[in-house]
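Bear in mind these aren't lab numbers, they're just calculated from the coordinates by the rules spelled out. Not measured: the values here are computed from a predicted model. Positions of Cβ are backbone-derived with ideal geometry, glycine not excepted, and every protein chain shown enters the neighbour counts.
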Amino acid sequence: VTKKFLFLFLVLSFIVNLITPSLAQEVDLKLPAPSKIKAISKPFAPAIIRAVTVNPKDPFLFDFIIDKGDTNFDPEAFEAETQKLVKYFLAALTIPETDLWVNLSPYEQDSMVPQVLGVTELGKDLLIEDYYLKQVTAQLTNPNTETGKKFWALAYAKAQELYGNTKVPINTFSKVWIVPDQAVVLEKDGSAFIADSYLKVFLDQDYLAIKKNLDNKEIGTDKIGSEKAQDINGFSSDLIRQVVLPQIEKEVNVGENFATVRQIYSSAILAAWYKKRLKESLLGK
């Protein structure tokens, strides 16, 4: 058995801001009310495609091994869940990896989802997970939560140090990215088994959206007019990385909120493995 390390450029792009309902309705998504989403959900292992075997005589004939995880489906429900996972696999198989991303930003509605992805169940489910991430991030920066209290205490302390008071706008308008970390796939005799996979979360400033909304006091992007403004806003970004992102990353990898992301990730990993092997085969040549 040899280990193959696959990198999949499946990118979910998010802005730390509540999504407007009208944007979600345009793509006909069934979204829960924000009050129904908890920032920290219980650990949950969803059903995933754990392995795939390709028939050597017919490379388009697949056998799948489904890991039931923590689910307790009856036969009919399990069949429906399996069909959903296979659809994820087939969508990832046919859609270019450069189009496997969503960006549910109210400020970039023209770059929300590639058309070829948006018509699939995979694309719609990624958009729903994007919505979940916005709500989770908003809650984690809420001063009424434990994480939010820590974040704002450090932010106000920095503002006091720079300005002598805490009545200054602090920019928390940032973009959170979920990207795959290294995935380990065990391969033998035309079969691939996912031994390990992990999703990373990191922060990047959404310069385009900020540029379009520079003087918006409501989101803290108004101009203060000094180098200290850059200092406090840069510091707030560092605080998000240190205080908020670790909580989000843990939730993305084990929490019930993002079980669908992990289902899609597993299906896409195996689809990427298959495409790579197909290119190396006689058929690919």
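Numbers for the structure displayed
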quantity: Summed side-chain charge close to Ile40 - residues other than Ile40 whose Cβ falls under 13 Å, Lys, Arg +1, Asp, Glu -1; calculated: -1
quantity: Radius 11 Å from Cβ of Glu121, net charge of other residues (Lys, Arg +1; Asp, Glu -1); calculated: +2
quantity: Summed side-chain charge close to Asn142 - residues other than Asn142 whose Cβ falls under 14 Å, Lys, Arg +1, Asp, Glu -1; calculated: +3
quantity: Cβ-derived FRET efficiency at R0 30 Å, Glu97 paired with Lys250, nearest 0.05; calculated: 0.70
quantity: Potential extension, Tyr163-Glu121 segment - 0.36 nm per residue separation minus Cα distance; calculated: 10.1 nm
